[in-house]
Amino acid sequence: MTTRLDGRPEERVLTGWGRTTRSRARVVGSLDGEALAELMAAQPPRGILARGAGRSYGDAAQNAGGIVVAPDAAPRIEPDLRAGTVRASAGSTFADLLSALVPHGLLLPVLPGTRHLTLGGAIAADVHGKNHHVDGSISSWLESIELIDGQGRARILSPLLDGPAFRATVGGMGLTGIIRAATVRLMPISSSRLQVSTHRVDHLDDLMAGLHQATQRYAVAWIDATAQGRALGRGVLDLGDHLDAPDPLHEPDGLHYRPTQPPAAPPLPFNPATALTARAFNTLWYRKAPRHTHRTASLNDFFHRLDAVAHWNRALGPRGFLQYQFAVPEDSAHLIAHVLQTFQNHRTAAFLATVKRFGPANGNPLSFPLRGWCLAVDMPAAAPGLGPLLDQLDRKIAEAGGQVYLAKDARLSASRFTDMYGDLKDWRTVRDELDPRHLMRSDLGRRLGLCR
Amino acid sequence: MNDAQGRPSRILLLGGASEIGLAIVAALPLAPDTHLILAGRNLAQMEERAATLPCTVTTTAYDATALETHRDFADTVFADADIDLVISAAGILIPQSELDRDPQRAGELVQTNFTGHVTTLLAVTRHLRNQGHGTLVVLSSIAAVRPRRANFVYGASKAGLDAFAQGLADSLHGSGVRLLLVRPGFVTGRMTQGMPPTPLSTTPDRVAAAVATALTTTTATAVWVPRALAPIALLMRLTPRVLWRRVKR
Ligand SMILES: Cc1cc2nc3c(=O)[nH]c(=O)nc-3n(C[C@H](O)[C@H](O)[C@H](O)COP(=O)(O)OP(=O)(O)OC[C@H]3O[C@@H](n4cnc5c(N)ncnc54)[C@H](O)[C@@H]3O)c2cc1C
Ligand SMILES: NC(=O)c1ccc[n+]([C@@H]2O[C@H](COP(=O)([O-])OP(=O)(O)OC[C@H]3O[C@@H](n4cnc5c(N)ncnc54)[C@H](OP(=O)(O)O)[C@@H]3O)[C@@H](O)[C@H]2O)c1
């Protein structure tokens, strides 16, 4: 769902990408800093929240009964080619940014699995890519954030000068204020294509070993979530590095980025039309993958395969779907197999699963990545018994010192959240300073006890 | 707010000792931290009947006939936090013969089953609208379809409630709030104790299961329990008056 608006406020029922939770809010768009300060001075009774492209799966970008600030209609993107940085408005999408930057040989250093998210949403969720084990999350690449805090004050937060406020905001899920713009350090690239190697692997252990040993910058494993028994966790390892020089075949006129270009093979690892056929499709896709291949791929092919079908989330039925994504420390790697097995046993019709390795955590109180393993599983929300099943997994993950990713979450309870993320005393102290009246609120925040 | 599995975190049951109301709560998928607020006249009795439910239970005084209290009541229960589900189950059934003897009791019945619901639900709806999400479950009855001479005051009160709830549902369109109207037939239970069951009678648990199922869909606006009552209601409306008059009960 796009939320871009021009000027006029509008009452809208909003939902997340998974379409499971819905609530009404007053959506306002394209407000300048002054108008935002005025809005905050008015202290609307149900609070205020910024929304990006609505790509978070659950209730993070909703504020029931309150005000939701939609991103500006037009992106503002100001690259500094000499410094290798870009200053961009929070409403700029990653597709906007890539189109503007790639021709100059510059790349966003963190690319999530969709290009439709906004810079504001990326910062609020402290997003990670397939290179987290090497490059960290977006937090480590931010030079500064321009924030309107909960008192309507315009602030520039830099990681060195404003450490606590910066760390509370990056990963803070919009609860410290409204991000207006940010300056991001970029990664120089010599080609817009990647050298990719793909390996079909029959066992989860081997797949995880493959990820562990990978020397490439980007590494991810797609798992056949339906394979059982000895085949449990079989999948495809996808490893990639940027080419050191332009690919004469694909980019004879220099680097480029075309967001509309339809992606080439390999095809989607699942059928977007129905989750019920997940099994058939996962099997087919797995069997079709060659045992080992080496090829070059475009940025879209490698990073944004899921964007190939626009609005695939709508095809999954009226009750929507959810993604269970968690990270656990190295010594609890066995939980990856345990969770896959649990979903198997309960026939949850999981239709897509990916495993990644994470590098060290960055210390931001609400950031998700922590050193170890990360699993993400997509499944229909309506599966009977799924509620208690996930509650039970939450417990195990919390006990192991792991965390569930808030940008994907729509169901974690306040008590399990506290088990995972702690009592967040430091975060709350900084928030009280940035937003003493607790004006910044969201449905997710209410559910998790972060606001009222 | 309801979570991704449609699980409410705070529930308000009006008529907190209602057999059907408590059965509905028991039939719902519940998250570990669910809070149930029981509103009614007899606090101890409500607490006792809810003892086995896997929720944190609190009780609060509520009298459907005390119209002047309903606004404050709603303001108070919504003061702490949002309420995701409100079940309106207060109701009384008094034999028509008693009402014929004592018309004032008929007034009390109408006040409980109809007027009190109007004041309470309008007060509650103000809060639900403001919070931008939530579900209202209203217990109507097959008796709302057409007044029978055997219990036409009860029928009239339910017909009023049913019409009110339909209008309220329409007015809530686009507000993020949803209303589900429940029309059970004869439910064998406490309210109908001593009365011989009619054909197609049902039980509190079956009513509850039907409500829980309807709440998992995003589209259902009304449920008949059992489902076969829907066509029967149509027949009831079409029956010529000369015949309808003769229906004994
Ligand atoms: C197909 C798909 C693949 C994905 N892959 C990945 C992945 O690989 N890695 C990863 O980390 N994530 C991934 N995500 C999740 C996604 O990156 C995050 O949910 C991200 O936050 C979405 O950004 P958005 O612009 O859509 O923000 P929204 O979903 O609209 O909002 C998300 C949060 O950001 C806040 N926010 C938005 N804009 C602002 C602002 N201007 N100021 C303050 N707060 C703001 C909102 O309040 C909300 O709390 C994926 C999502 C999808 C749909
Ligand atoms: N049972 C049926 O056959 C049937 C059929 C169709 C529809 N319904 C409807 O379903 C609803 C629930 O019925 P039920 O079977 O669960 O009956 P129930 O167990 O008797 O519940 C009705 C509840 O309403 C409460 N109540 C009565 N007057 C009240 C008042 N003035 N203020 C506050 N609460 C009051 C009662 O509380 P006290 O204990 O204080 O009296 C009781 O807890 C009712 O609206 C009923 O009309 C029932």
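The values are calculated or read from the model by the stated rules, or taken from the named source; none is laboratory data. Not measured: the values here are computed from a predicted model. With ideal geometry, Cβ positions are generated from the backbone for all residues, glycine too; neighbour counts draw on all protein chains shown. Side chains are part of the model used for accessible areas, which takes the heavy atoms of the whole protein and leaves out ligands, DNA and RNA. Shrake-Rupley method; radii C 1.70, N 1.55, O 1.52, S 1.80 Å.
The table below gives the values:
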quantity: Accessible-area value, residue A:395, 1.4 Å probe, nucleic acids and ligands omitted, Å²; calculated: 120
quantity: Student exercise, the protein assembly as shown dipole from Lys, Arg, Asp, Glu Cβ charges, in Debye to nearest 20; calculated: 2640
quantity: A:223, B:142, reordered so the largest accessible area comes first (probe 1.4 Å); calculated: B:142, A:223
quantity: Virtual paramagnetic centre 7 Å along Cα→Cβ of residue A:212, amide N under 12 Å, in the range A:325-365; calculated: A:330-334
quantity: Mean ellipticity per residue at 222 nm, deg cm²/dmol - from DSSP H runs of n ≥ 4 across chain B, formula -39500 (n - 2.57); calculated: -12000 deg cm²/dmol
quantity: In Å², nearest 10: area of residue B:133 left accessible to a 1.4 Å probe; calculated: 10
quantity: Reachable lysines, given that their alpha-carbon falls under 26 Å from the alpha-carbon of residue A:356 and they are not under 8 places away in the same chain; calculated: A:130, A:288, A:396, A:408
quantity: Efficiency of FRET between residue A:41 and residue A:249 - r from beta-carbon atoms, R0 51 angstrom, step 0.05; calculated: 0.30
quantity: Charge-dipole axis of chain A as Lys and Arg at +1 and Asp and Glu at -1 on Cβ define it, positive-most pick from A:220, A:204, A:99; calculated: A:204
quantity: Where A:39, A:335 fall by accessible area, highest first, once all protein chains stay in place (1.4 Å); calculated: A:39, A:335
quantity: Å² per residue, accessible surface of the protein assembly as shown at 1.4 Å; calculated: 40
quantity: Heavy atoms of residue A:218 accessible to a 1.4 Å probe, total area in Å² rounded to 10; calculated: 10
quantity: Extreme residue, positive dipole direction of the protein assembly as shown, given options A:289, B:16, A:236 (C-beta unit charges); calculated: B:16
quantity: Within the range B:56-95: Cβ-based charge dipole about Cα centre, in debye rounded to nearest 20 (Lys, Arg +1; Asp, Glu -1); calculated: 180
quantity: Cα→Cβ-extended label distance, 7 Å offset, between residue B:234 and residue B:192, nm; calculated: 2.3
quantity: Chain A: DSSP helices with Cα axial extent of at least 18 Å and average Kyte-Doolittle hydropathy no lower than -0.5; calculated: A:386-399
quantity: Given charges at beta-carbon only (K, R positive; D, E negative), |dipole| of the range A:154-204 in Debye; calculated: 140
quantity: Carbon plus sulfur fraction of accessible area for chain B, probe 1.4 Å, in percent; calculated: 56
quantity: Sequence of A:294, B:70, A:116 when ordered by accessible area, the most exposed leading, probe 1.4 angstrom; calculated: A:294, A:116, B:70
quantity: A versus B: buried accessible surface, summed, Å² (probe 1.4 Å, to nearest 100); calculated: 1700
quantity: Cβ-derived FRET efficiency at R0 25 Å, residue A:160 paired with residue A:80, nearest 0.05; calculated: 0.85
quantity: Given charges at Cβ of Lys, Arg, Asp, Glu: the range B:63-220 dipole, positive-most of B:110, B:159, B:135; calculated: B:159
quantity: Distance from the range A:353-405 to the range B:80-143 (C-alpha centre basis), Å; calculated: 43
quantity: Helix-only mean residue ellipticity at 222 nm for chain A, each DSSP H run of n ≥ 4 adding -39500 (n - 2.57), per residue, nearest 500; calculated: -6500 deg cm²/dmol
